[in-house]
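Remarks on the structure that follows.
The values are calculated or read from the model by the stated rules, or taken from the named source; none is laboratory data. Everything numeric in this text was worked out from a predicted model, so none of it was measured. Quick reminder, even Gly has a Cβ in these numbers, built from the backbone with ideal geometry, and neighbours come from all protein chains shown.
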């Protein structure tokens with residue numbers, strides 16, 4: 001697997017492949033060589049070579065919907081690597097159906113990007129039309145899964161829920177003002193409702209730091225404002 005991110009990755013991988021290297025091999029965290037390459041921010045050409053080898057088989061060893069033991073797929077792992085070139089490449093070649101899969105969902109990519117605390121990178125990730133649409137649609141993503149897709153019947157299950165409000169909250173917590181500003185441009189009403197509600201749960205000294213944002217709009221007792229605020233309260237309070 002390490003050959004996929006070596007300085008001479010293509011030549012080394014080709015040599016190992018000629019010697020019978022198995023693409024289906026997984027490491028201790030259930031990563032295939034493709035997932036490992038995405039985790040480490042491999043070059044797009046390396047990913048293309050791995051995919052081309054797998055595609056030659058009647059039953060491909062690699063799939064874009066594969067995930068590691070944390071149920072993260074290639075897209076999410078590429079986001080964590082912060083390799084912008086690789087991420088743009090994956091956005092262009094991975095089928096929409098695979099990008100919408102539980103392992104690669106747009107909100108998982110967005111949450112992973114925000115966790116980097118790198119505003120320039122997060123804004124780049126938020127340029128993805130699928131991610132922008134998820135924000136516009138006030139999307140939420142919830143699923144239950146075993147440790148991985150190939151686990152035994154006695155494995156523990158995990159419940160995951162990610163909402164747009166969760167992502168905005170995480171951006172506020174990390175003081176990512178340009179990111180919150182971008183959320184506001186994509187979906188003003190929902191961002192205002194989230195910011196309003198969350199700031200009113202903060203300590204006064206914390207909420208004061210966001211007074212410039214909250215002063216951009218006037219809180220009105222209208223259904224258009226109150227309904228999103230109530231949805232925010234119901235959706236993300238019990239979750240991370």
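Descriptive notes on the structure:
Condition check ((1) modelled with pLDDT of 60 or more; (2) part of a helix (DSSP H, G or I)) across all residues:
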residue	(1), (2)
169	yes, yes
179	yes, yes
192	yes, yes
196	yes, yes
212	yes, yes
216	yes, no
225	no, yes
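- Of the numbered criteria (1) in contact (Cβ under 8 Å) with a residue 12 or more places away in the chain; (2) within 17 Å of residue 123 (Cα to Cα), the one residue 88 fails is (1).
- Entry remark, the stretch 94-133: residues being assigned to a helix (DSSP H, G or I) and without any contact (Cβ under 8 Å) to a residue 24 or more places away in the chain number 3 in total.
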